[in-house]
Amino acid sequence: MYAADELLTQQGVRVNVFEKLPTPYGLVRAGVAPDHQSTKRVTRLFDRIAQNPGFSLYLNGDVGADLTHDELLEHHHAVLYAVGAPDDRRLDVDGIGLPGTATATEVVAWINGHPEFTDLPVDLSAERVLIVGNGNVALDVARILTSDPDALARTDIADHALAALRDSQVQEVVIAARRGPAASAFTLPELIGLTAVCDVVLDVADHDLVIRDLADETDPLTRNKLEVLTKLGDATSSASRPRIRLAYGLTPQRVLGDKKATGVEFSVTGTDEHRTIPAGLVLTSIGYRGKPIRNLPFDEVRAVVPNDGGRVIDAGTSRPVCGSYVAGWIKRGPTGFIGTNKSCAAQTVHNLVADYNDGRLADPAHKVAALERFVRGRRPAVIDADGWKAIDDAEVARGGGLRPRAKFTRVADMLEAAATAPVPPVHKRLLAGLRR
């Protein structure tokens with residue numbers, strides 16, 4: 001959407017956004033924790049972008065399956081991929097595939113009602129959940145799992161997740177990291193936000209590690225993070241509500257259990273000492289990887305599409321692949337935040353526009369009006385902006401004014417809601433065709 005916004009500042013430009021799901025806005029809808037409604041409000045900007053007369057949505061169509069890259073290029077001067085890094089890095093230890101193991105990213109998608117993760121088995125029947133890795137997503141999951149369900153009921157959390165949390169027996173979420181406190185992957189704002197709403201504790205030994213790191217640390221931001229950690233409570237004290245425990249210096253060796261995960265065996269990093277943490281649910285949160293895009297080159301080591309400032313580069317010739325661009329995590333890897341993505345998109349669009357102005361982009365083989373006929377011929381169930389508005393309106397109405405929305409979590413339900421969109425009068429359809 002940031003790339004679309006940048007492109008639409010150019011006179012006469014049309015932008016068509018394709019998305020696999022019947023709903024747009026990607027991670028804002030499915031990846032941001034439901035109790036972070038202020039972050040989700042960026043969709044208001046996206047809605048304004050989508051009102052631009054040069055903007056069109058093609059939802060519920062899978063590029064690479066329903067439509068190919070080459071087919072899209074036949075209808076456009078350029079195709080820009082902003083598909084993120086959707087795959088989790090996997091922990092390579094014995095037992096990681098047992099029932100009762102998953103990734104934190106999958107659980108976030110389950111919490112948010114992503115239709116591909118609605119049926120994820122999230123077992124909250126034991127008293128402890130263990131998360132390996134301590135980035136911001138790990139903190140998000142730990143916070144949701146220890147939050148008051150009544151407070152979450154005022155957000156857009158998926159109904160199935162809220163029901164599971166109401167029945168949860170979880171009393172502690174342990175977030176285990178291989179390195180020490182100074183190397184914590186979470187950001188300072190996320191840590192401060194966590195401690196403001198959750199009971200976060202440390203073992204005595206980990207508190208000592210924090211003090212040691214603080215004495216040696218010179219970076220101001222890291223020192224600020226460590227100073228917050230020094231103020232955390234003692235894990236030996238009694239708890240009146242579910243809590244989060246940060247644990248450091250633990251390298252996972254294997255997931256314990258026979259038919260189901262029962263915990264993780266760790267080595268104390270840099271030593272021969274071993275330690276076991278029992279848990280009924282084991283999650284990993286150790287990073288992300290992009291995945292290959294059909295008909296584009298791919299760097300398997302960095303897990304990105306090779307590019308120069310967003311211009312896709314052929315790995316063999318080091319030359320740009322005409323008309324092909326990338327932005328976001330598929331361009332640069334899983335780093336940065338919302339503001340980073342905005343500037344990343346701006347760079348790509350700047351180079352795309354320069355290529356067009358320099359005559360480097362081939363003209364489409366088909367007229368503009370041919371695109372919709374082609375897409376609907378290939379994918380009759382494609383959803384346009386009116387269909388998305390019908391889904392959006394229905395979800396907001398389902399929220400009943402008590403929550404931002406009650407999401408549809410099944411594609412069939414989304415399609416049924418989209419089908420209620422009013423059909424525009426004939427004269428409006430004719431005018432739309434002339435504008436194309």
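For the stretch 90-213, with all protein chains present and a 1.4 Å probe, just round the carbon and sulfur fraction of the accessible area to a whole percent.
Values: 2490 of 4900 Å².
Carbon and sulfur atoms account for 51 percent of the accessible area of the stretch 90-213.
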Exercise. Once you put a point 7 Å from the Cα of residue 340 and another 7 Å from the Cα of residue 381, both along the Cβ direction, what distance in nm separates them?
Worked result: 3.6 nm
Exercise. Mean residue ellipticity at 222 nm from the helices of the chain, using -39,500 (n - 2.57) per DSSP H segment of n ≥ 4 over the full residue count, to the nearest 500 deg cm²/dmol?
Worked result: -10500 deg cm²/dmol
Seminar exercise, completed: Percent of all alpha-carbon pairs of the stretch 90-130 at distances over 14 Å, whole number, is 52 percent
For this session: Quick one: among 345, 163, 177, which has the greatest mean-square fluctuation in a GNM of the chain with alpha-carbon springs under 10 angstrom?
Result: 163
For this session: Would you work out the relative contact order for the chain, in percent, from Cα pairs under 8 angstrom that are 6 or more residues apart?
Result: 22 percent
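Can you tally the net charge around residue 244? Count Lys and Arg as +1, Asp and Glu as -1, for every other residue whose Cβ sits under 15 Å from the Cβ of residue 244.
-4
Taking the radius of gyration and the Kirkwood hydrodynamic radius from Cα positions alone, what is the Rg/Rh ratio for the stretch 119-258, to two decimal places? List each step's numbers first, then the result.
Numbers: Rg = 15.6 Å, Rh = 15.9 Å.
With Rg and the Kirkwood Rh in hand, the quotient comes to 0.98.
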Exercise. Hey, in the GNM for the chain with a 10 angstrom Cα cutoff, which one of 377, 95, 387 fluctuates hardest?
Worked result: 377
Problem set entry | Computed accessible area, residue 124, all protein chains, 1.4 angstrom probe, square angstrom | 10 Å²
Seminar exercise, completed: Count of lysine pairs, the chain, Cα-Cα under 28 Å, sep. 8 or more residues or interchain, comes to 25
Exercise. When only the heavy atoms of the protein chains count and the probe is 1.4 Å, how do 18, 337 rank by accessible area, highest first?
Worked result: 337, 18
Problem set entry | Net charge over other residues, Cβ less than 10 angstrom from the Cβ of residue 87 (K, R count +1; D, E count -1) | +3
Problem set entry | Accessible area in the full protein assembly, largest first, 1.4 Å probe, for 198, 322 | 322, 198
For this session: Can you work out the accessible area per residue across the chain, with the rest of the protein chains kept in place, probe 1.4 Å, in square angstrom?
Result: 49 Å²
Seminar exercise, completed: Under a 1.4 Å probe, counting only protein heavy atoms, residue 416 has an accessible area in Å², nearest 10, of 130 Å²
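Please state the charge dipole magnitude for the chain, taken about the Cα centre, from unit charges on C-beta atoms (+1 on K and R, -1 on D and E), reported in debye and rounded to the nearest 20.
Values: 51 positive and 56 negative charges, 273 e Å.
Result for the chain is approximately 1320 debye, rounded to the nearest 20.
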Seminar exercise, completed: The distance between the Cα centres of the stretch 277-354 and the stretch 104-137, in whole Å, is 25 Å
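Is the stretch 296-364 best put as rounded, prolate or oblate by its Cα gyration tensor, with a ≥ b ≥ c the root eigenvalues, rounded for a/c under 1.5, and otherwise prolate when a/b is larger than b/c, oblate when not?
On the way: a/c = 2.80, a/b = 1.21, b/c = 2.31.
Oblate is the answer for the stretch 296-364, as a/c is 1.5 or above yet b/c matches or exceeds a/b.
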For this session: May I have the convex hull volume per residue, in Å³, for the Cα set of the stretch 89-199?
Result: 118 Å³
Exercise. When all protein chains stay in place, what accessible area (Å², nearest 10, 1.4 Å probe) is found for residue 298?
Worked result: 40 Å²
For this session: Just report the Cα centroid separation between the stretch 183-241 and the stretch 379-411, whole Å.
Result: 40 Å
For this session: For 40, 291, give the ranking by accessible area with the largest first, probe 1.4 Å.
Result: 291, 40
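The values are calculated or read from the model by the stated rules, or taken from the named source; none is laboratory data. Since we're looking at a predicted model, the values are computed, not measured. With ideal geometry, Cβ positions are generated from the backbone for all residues, glycine too; neighbour counts draw on all protein chains shown. With ligands, DNA and RNA removed, areas are computed over all heavy atoms of the protein, side chains included. Shrake-Rupley method; radii C 1.70, N 1.55, O 1.52, S 1.80 Å.
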